[in-house]
Structures are given as C-alpha cells and as structure tokens.
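The values are calculated or read from the model by the stated rules, or taken from the named source; none is laboratory data. This is a predicted model, so every value here is computed, not measured. Every residue, glycine as well, gets a Cβ built from its backbone with ideal geometry; the counts of neighbours run over all protein chains shown. The accessibility values were calculated without ligands, DNA or RNA, using every heavy atom of the protein model including side chains. Shrake-Rupley method; radii C 1.70, N 1.55, O 1.52, S 1.80 Å.
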Amino acid sequence: MIPIRDHLPTRHFAWVTAALIAVNALAFLTELLWKTGGVLGQAIYTMGVVPYEVTHSFSPQVAISFLTSIFLHGGFMHIGSNMLYLWVFGNNVEDAMGKLQFLVFYLSSGFVATGAQVFAQPNAQVPTIGASGAIAGVLGAYILMFPRSRIDTVLLLGWFIRVVRLPAIIVLGFWFILQLFNGVLSLGLEVAGGVAWFAHIGGFIMGMTTGLLLRKRRRRWL
C-alpha cells in the first residue's frame, strides 16, 4: 500500500514540513556530488550512525551523526518514498502541534529511532541513514491524532493496481505490523545491510506516545 494523499484540511501551510523536504533534497543532491567525487562511501560512514561505534567507541563525532544521519539517503527510491510519506502525513501533524514543537518532535523521533536500531543490533557495522525513523514518529502521531482520516492509497497486487480510500488506522496500522514482522526476522543479522526496521518501530512508538499525550491535553482544554 502506497499512500498518496489524505483528505484532512490544515489551517496553515506546513512550512516546517516543506523545509525538511527541501533540506533532505539538498542533502541528497550533495550525496550525488560526493558520489561523483568518489567520497560518498567515506561520507556515509562518517555522517551515518554505525551501531558498533556507538556501543564500543562513542565520541562527539558519533553523537553528531545521530543528527546528520537523518538527512542522508541510500538512493532515489529511498528518499522518494520517505518524502512522500512526510508530505502526506507531516502537514497535519505540524498543523496540530505548531511549527517549533513539530520540528523538535521530528528530530527527537529521529534520535529515538536511531537509538532503537542501535539497541536492537549493537554490533552492526553498517551505517544507519535516512529520515524514515523520524517520519515513523510522524506516522505514529498521526494514527493517534487522526485515526479516521481518509487516505487515498495505491494498492499493488501483482499486475492489479487500484487507488482506494482507506482510514488512516488501516493504512498506518498495516505499515506498523509490517515493520514489526520484518524487525523480528532481522534479529541477529548484525552485519547485513538493508532496512533499519527497529528504527521504524522505535520512531513509530515515540510518535504514538506523543500523539497520545496531545490527545489527553486536548481533552483537558475541552
């Protein structure tokens, strides 16, 4: 399932969400230049989070990589899918939280997500990069705050392609179950590359916790 838009209006334009997409795009263009110059691999290892370095030789540079890794991506498909999810779901979460709070929440979700991946695979020596952990936080907040929101979703079943409108709780619930399933299968694979499933899980749980707190706060206001 690929979400392409929701039908929940916002009160204000999502400037922070748009800015995050722009920064990610600029960082990816920089990666393409690094690739042309033959230094991309070195940059990814320096600016990405290597779990083994976190658990065995933590340093200020490793700490900084928790931030820089959120803005790096492994290819066009990686950044394209991440930015699609951020645009579809980020605007409403930003609208509900406010711009500054949303930015802090987004970055915090990325840090927690990366920490979850390190905890799950502490000896892995493959760099963890990508915005998906931070975006998973956005998805977790969205499913708690707007569970009945209707999402236009592309269903891909072999050659069958169809756009259907589903509630957010179905679309994002299925997404989270998929992360849990693949996360369990990835346990023990310390050196293999691929998707950082536990970053997605950690970010999503962070987002759900934040979304729950915001819902409770709204009830007190009412």
Legend entry - Among Ser81, Ser69, Ser57: highest mean-square fluctuation, GNM of the chain, C-alpha pairs under 10 Å: Ser57
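For the chain, the longest stretch holding no trypsin sites (Lys or Arg not before Pro) located in a DSSP loop with at most 10 other Cβ atoms within 10 Å is which? Display every interim value, and only then the final one.
Numbers: sites that count: Arg11, Arg148.
Result for the longest clean stretch: 12-147.
Filter the chymotrypsin sites (Phe, Trp or Tyr not before Pro) in segment 1-43 down to the DSSP loop ones having no more than 15 other Cβ atoms within 10 Å, then list what survives. Provide the component values of the computation, followed by the final result.
Numbers: sites: Phe13, Trp15, Phe28, Trp34; in loops: Phe13.
Hits after loop and neighbour filter: Phe13.
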Legend entry - Mean accessible surface per residue for segment 122-185, computed with a 1.4 Å probe while every protein chain stays in place, in Å²: 50 Å²
Inset, instruction - List the residues whose amide H sits under 5 Å from the amide H of Arg5, counting only those 5 or more places along or on another chain, with H placed 1.01 Å from N in the peptide plane. - result: Asp152
Inset, instruction - Enumerate the calculated ³J(HN,Hα) couplings along segment 155-164 in order (Karplus 6.51 cos²θ - 1.76 cosθ + 1.60, θ = phi - 60°), each rounded to whole Hz, writing x wherever the residue is Gly or Pro. - result: 9, 10, 10, x, 8, 7, 10, 8, 9, 10
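In deg cm²/dmol and to the nearest 500, what is the mean residue ellipticity at 222 nm of the chain if only DSSP H runs of at least 4 residues count, each as -39500 (n - 2.57), divided by the residue total?
Working: 9 runs with 148 residues, N = 222.
Calculated at 222 nm, the ellipticity per residue is -22000 deg cm²/dmol.
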